[in-house]
Every structure is written in structure tokens, then in C-alpha cells.
Amino acid sequence: METTTKPFSIEKVKTSKIDQVDFDNLNFGSVFTDHMLVCDYKNGVWETPKIMPYQAISLEPSAKIFHYGQSIFEGMKAYKDGNGDVWMFRPMDNFKRFNISANRMAIPELPENFFIEGLRTLITLDKKWIPQKEGSSLYIRPFMFASGKGFHASPADEYKFIICLAPSGAYFSGKVKVLIEETYSRAANGGVGYAKAGGNYAGQFYPTQLAVKKGYNQVIWTDDNTHEYIEEAGAMNIFVRINDTLITGPTSDRILDGITRKSILKIAEDEGITTEVRKISVSEVVAAAKDGSLKEMFGAGTAAVVSPIAAFGYKETDYDLPELSDSYAERLKKRITDIQFNRTEDPFGWRFKV
Ligand code: PLP
Ligand code: COI
């Protein structure tokens, strides 16, 4: 992977937009900070990143992103602690996954320093934008796509890597109700499910719209072959608690290898919770819901953090999850966010100072 080694150029805004933002009422990912980072891949080389005011970008109508969907992204957060210090969570894992996604979509790999130092420089510049209200953080969206032109159905010769920052509140508002999917599939064996490719999300929108019309927030995807096993949700991996055992499905080439998922597994083990990583059948979950051994279901992801599921639907029947006083979701959410916000020890070495 060839790169240039010049320092990043920085063009600052003349006037910040920060005063226009209501930090007490932030939605998820809908306002953006003053600056963004842009890096171009041309002539076989990633050029030196530029930091500039957040602005629209111009692309040719024949840019391959529009026609063939070569596009990947990551989702990360920056957290400000009580002393005003800024932290990221396991950013090297996001960087590695970014290049795994890039490889699958035939996009040239990005050099590590452009990703990590790019994040550091941009976040430091827009540090004032990091919310401090409980439940809010700075959502970070690194992405790259085919900007090269041409209708030939083959990889582009030019790409853009961009990082944008969005001060954000919670991803879900209120209780989460999910529908276990019986017809549509998110991903297939040998496909791109494990990549954070834009098209994986586009493909979910229609079945999710159908679920939303029926009163659900998200779809829980099942395996494409039999629809008998739980895979993951639209924006998070899924955990199930049966009696006192916490279970999540194994990752595969159909499932995103979630950083929150693997962190939750580690924390749960550290807390003495019995965990299992194994296939979870829908019939097992339905039977457990009926006999009362299904105690909890929750999603885990960067945007979703740990989101308890209040009910799930399957074959036209809804199953409510009980309200618990000893919820694993609450306990694990507290522990992971305490680590992220530097409120507790980090025995795993996950925190990364910006
Ligand atoms: N699964 C999907 C499809 C996602 O989009 C996400 C979000 O990134 C996750 C799982 C959770 O992954 P992570 O914990 O790395 O954010
Ligand atoms: C994230 O959790 O960061 C994601 O990428 C999910 C996204 C669809 C909001």
C-alpha cells in the first residue's frame, strides 16, 4: 500500500456553527461538526489527508459509487470524561475491520496512520463538539467509496476516504421491539454480510419498512438458508439470556464481527456471567419465552450501545420480555460505558486517549 508522508493540511472554518446546536436535544447522526477529513486515492496512491470545513462534495454522475455501490464505512464514538479528556474505544479494531471491508469490496486498503492520526487530528480540532450529557457522545463516521468514473462494471481507479463527526444522542428512543424475519435475508454464505458495506444496509430497508408498519423498530435477521437461526439485527449484534446464561451467535461471513459484541462477551466473563457462543434457534427462543426461561434479549453495537429488547414478534405473535431487577443488559451497559467514559478501570486496555 503506497502512501505519501506529508503532514495533513488543515483549513479551519471562519465561523463555527456550534452555537446553533441544541446539545440537550440531540438526535442520532443528524448534525455535523465544523470540519471533516478528506483523502483521495489517485494514480495508485492514497494522497495526504486534508482537513477542511464540513461541506458538500462534488462527484461525476458516472462515479462508480452511484452505479455499482463500492462503498464501506465504520461507526465509532469519542467520549469526553469529567476532566475534559477525550477517549475512543478500540479504534484499531475499527481500522482493521475497515480494511477487511475494503478488501471484500475491492477498494484499496487505507494506511493505518491516515485512519488513526486522521481521527485524532479531526477529533482534537472539533473537541468542543463532544457532548457531555449522559447518553450522548460524538459519533464518528469514517467511510470510503468509488469516486472514479465509468460505466464498466469493474473496480474504480479513484476513491475517497472521508471522516465526518456527529454529536449524537441515543440511537433508539424508547423501548425496542423487534420482528424475527421469516422471508427476507440480510446476507448469504460467501456474500458480503461481514463487511460494513453500504449495500448491506440498503438491502435491509425494505423488509425493515414492512416491519415498522407492523409496529416493530428493527428486524432480527435469520440465516438465509433455513430462517431457523438468529443472526443479528439491522444495526447491532444480538444477545439472549436464557435462565442465567448469556448466549450470542457465532460470527460468520454473513454477520458483522461487532466490537461491542466481543467486548460484552469479555466483560460478561469478567463479571462471572456464564456465556455461550453458539447457534441460537428461533424455536428455542420461542419455547423459552413460553416457559419463562427467556429472561432478556438485547442488541449490542456502537450506535445502539446495549439496547434492551422489550418484545419480539414471530409468526404473527408477540412475546414480551419481563422487566428484571437484575438485568444483565443494564449491568453490562454500565460497565462498558464506564470504561468508554473513563469512569472506571480499563483492565482490557480498550480505552484510547485522543
Ligand atoms: N451488526 C451490524 C449490522 C451493524 O451495523 C453494527 C454496527 O456497527 C453492529 C452489528 C455492531 O458492531 P459494533 O459493535 O462494532 O459497532
Ligand atoms: C454503528 O453502530 O456504528 C453502526 O454503524 C450502525 C449504523 C447502521 C448506525
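Of T317, T248, T344, which is the most mobile in a GNM of the chain whose springs link Cα atoms less than 10 angstrom apart?
Sorting by GNM fluctuation, first place goes to T317.
Give me the mean projected area, in nm² to one decimal, of the convex hull enclosing the Cα positions of the stretch 66-119. Each step should come with its number before you reach the end.
Numbers: hull surface 18.1 nm².
For the Cα atoms of the stretch 66-119, the hull's average projected area reads 4.5 nm².
Using alpha carbons only, how many degrees (0 to 90, rounded to 10) separate the axis of helix 198-213 from the longest principal axis of the chain?
40
In nm, to one decimal, how far is the modelled label at K279 from the one at D19, with both set 7 Å along Cα→Cβ?
Label-label distance for K279 and D19, simple model: 6.1 nm.
Using alpha carbons only, how many degrees (0 to 90, rounded to 10) separate the axis of helix 328-340 from the longest principal axis of the chain?
20
As I understand it, the value is the acute angle between the Cα axis of helix 91-104 and the longest principal axis of the Cα atoms of the chain; what does it come to in degrees, rounded to 10?
80
Mean-square fluctuation check for the chain, GNM, Cα pairs under 10 Å: which of N94, N113, N342 is largest?
Result for the chain, Cα springs under 10 Å: N113 fluctuates most.
With springs only between Cα atoms under 10 Å, which of I130, I273, I220 fluctuates most in a Gaussian network model of the chain?
Ranking I130, I273, I220 by mean-square fluctuation puts I273 first.
How much area per residue is accessible in the chain when the probe is 1.4 Å and only protein heavy atoms are counted (Å²)?
46
Within the accessible area of the chain, what % is carbon and sulfur when the probe is 1.4 Å and the other protein chains stay in place?
49
Could you order V21, V212 so the one with the most accessible surface comes first? Probe is 1.4 Å.
Details: V21 30, V212 80 Å².
Ranked from most to least accessible, the order is V212, V21.
Over its Cα atoms, what ratio of radius of gyration to 2.2 N^0.38 Å does the chain give?
Working it through for the chain, the quotient is 1.01.
Based on the alpha-carbon gyration tensor of the stretch 243-354 and its eigenvalue square roots a ≥ b ≥ c, which shape applies: rounded if a/c is under 1.5, prolate if not and a/b is larger than b/c, or oblate? Working shown, then result.
Numbers: a/c = 2.05, a/b = 1.69, b/c = 1.21.
Judged from the Cα gyration tensor, the stretch 243-354 comes out prolate (a/c at least 1.5, a/b above b/c).
How much solvent-accessible surface does E117 expose, in Å² to the nearest 10, with a 1.4 Å probe and all protein chains in place?
Accessible area, nearest 10 Å²: 70 Å².
Restrict the search to the stretch 6-67; then list the trypsin sites (Lys or Arg not before Pro) that DSSP places in a loop and that have at most 13 other Cβ atoms within 10 Å of their Cβ. Mind dumping the intermediate values first?
Working: sites: K12, K14, K17, K42, K50, K64; in loops: K12, K14, K17.
Sparse-neighbourhood loop trypsin sites (Lys or Arg not before Pro): K12, K14.
If you consider only alpha-carbon coordinates, what radius of gyration and Dmax does the stretch 179-298 have, in Å?
14.3, 40
Pick out, from P49, S16, N103, the residue whose Cα sits farthest towards the positive end of the charge dipole of the stretch 9-168, with +1 on the Cβ of Lys and Arg and -1 on the Cβ of Asp and Glu.
Farthest along the dipole direction, towards plus: N103.
Which chymotrypsin sites (Phe, Trp or Tyr not before Pro) does the stretch 169-226 hold that lie in a coil by DSSP with at most 14 other beta carbons within 10 Å?
Answer in residue order: no site qualifies.
Dipole of the chain, Cα-centred, from +1 at each Lys and Arg C-beta and -1 at each Asp and Glu C-beta, to the nearest 20 debye?
Around 760 debye, computed over the chain.
Top to bottom by accessible area (1.4 Å), largest first, where do D34, D291, D93, D257 land?
D291, D257, D93, D34
Quick check: convex hull of the Cα atoms in the stretch 9-168, volume per residue, rounded to a whole Å³?
Normalising the Cα hull of the stretch 9-168 by residue number yields 120 Å³.
Of L321, A235, T245, which is farthest on the positive side of the dipole of the chain, counting Cα position, with +1 on Lys and Arg Cβ, -1 on Asp and Glu Cβ, and the Cα centre as origin?
It is A235.
Just by accessible area at a 1.4 angstrom probe, what is the order of F161, F89 from largest to smallest?
F89, F161
The values are calculated or read from the model by the stated rules, or taken from the named source; none is laboratory data. Predicted model only: the values in this text are computed from it and were never measured. Note: ideal-geometry Cβ built from the backbone for every residue, glycine included; neighbour counts use all protein chains shown. Heavy atoms of the whole protein, side chains included, go into the accessibility calculation; ligands, DNA and RNA do not. Shrake-Rupley method; radii C 1.70, N 1.55, O 1.52, S 1.80 Å.
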